[in-house]
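So the structure is just underneath, and the comments pick up after that.
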Amino acid sequence: MLKKLSKNVKATLSILFTIIGLYLILCNYFIGIKENVFTNKNMALMSKQVVVVENLEEINEIDYEPTVDEFDDRKDNYIGYLEVPDVSIRRGFVAENSKYNSVGYNVMLVSGSDMPTKQKGNLILAAHRGNSAVSFFDKLYLLKENAQAKIYYRNKVYTYELKNSYTVPKVGTLEITRNEEKTTLTLITCTRDDKTTQTIFNFELVSEGE
């Protein structure tokens, strides 16, 4: 009688453990599905834009040295200013259709950019690096995550934080990957110590004010 009872207990425990095991497996399976759905949803927020920019190089004084007057006569034409405090950048940019909208003169407003007033838009600026008068983005490589950049536009200040940076091949066109649910600022320059790639710095808007 005791042996029979013992066998029944063992059988019951075996069934119980089997049920618990199946339950745990199914729980992990459905949790995995949920996580995959969440990841895919986040990935759906990332979009790619193909833009064409002028050839970005490391420009030194020996290569290009504009006169003071050449810069002074354009100050009234700036539509906005970029400031990156950590690397002492403060430079104006002109309208897209201006003849001075070029990395040979200024921080260039890239075709297809959105102004900061557009929610979920992307303002794209490009410039040379090096030590010449037009190498405005020379020190961008020093920026750390969450470094701030500011855009002054139409009597408002838009403050952004650096979220990531990455390199892309220098082939005349490039892909910008960003969170299209955020209002963003993208800065582009040639990569330090690498003539074959360009570096993209992605910032996201964190505040705006007078």
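The values are calculated or read from the model by the stated rules, or taken from the named source; none is laboratory data. Bear in mind the structure is a predicted one, so any value in this text is a computation, not a measurement. Cβ sites come from the backbone with ideal geometry, for glycine too, and all protein chains shown count toward neighbours.
Quick one: count up the residues across the range 97-126 that are of a type outside the set (Ser, Thr, Tyr) and either under 16 Å from Tyr81 (Cβ atoms) or buried (at least 20 other Cβ atoms within 10 Å of the Cβ) (or both).
Here the count works out to 14.
Residues to consider are Lys163, Lys144, Lys139, Lys99; find the one that is of a type in the set (Lys, Arg) and touching a strand residue (DSSP E or B) at 6+ places or on another chain (Cβ under 7 Å).
None of the others qualify; the one that does is Lys163.
Tell me, please, whether a residue that is out of contact with any Cys (no Cβ under 6 Å at 6 or more places or on another chain), assigned to a loop (DSSP other than H, G, I, E, B) and either assigned by TED's automatic domain parsing to the domain that holds Cys190 or without any contact (Cβ under 8 Å) to a residue 12 or more places away in the chain (or both) can be found in the range 152-163.
yes
Are any of the residues in the range 147-159 at pLDDT below 90, aromatic (Phe, Trp, Tyr) and farther than 18 Å from Gln198 by Cα?
no
Does at least one position in the range 174-190 carry a residue that is touching a Pro at 6+ places or on another chain (Cβ under 9 Å) and either touching a residue at least 60 places away in the same chain (Cβ under 8 Å) or of a type in the set (A, V, I, L, M) (or both)? Before you say what the answer is, go through the steps one by one.
Residues of the range 174-190 touching a Pro at 6+ places or on another chain (Cβ under 9 Å): 183, 185.
Checking which are either touching a residue at least 60 places away in the same chain (Cβ under 8 Å) or of a type in the set (A, V, I, L, M) (or both) leaves us with 183, 185.
There is at least one residue in the range 174-190 that is touching a Pro at 6+ places or on another chain (Cβ under 9 Å) and either touching a residue at least 60 places away in the same chain (Cβ under 8 Å) or of a type in the set (A, V, I, L, M) (or both).
So in the range 138-183, with the set limited to residues that are more than 25 Å from Glu208 (Cβ to Cβ), among the β-branched types (Val, Ile, Thr) and over 14 Å from the mean Cα position of the chain (by Cα), which one is surrounded by the most Cβ atoms within 10 Å (Cβ to Cβ)?
Thr173
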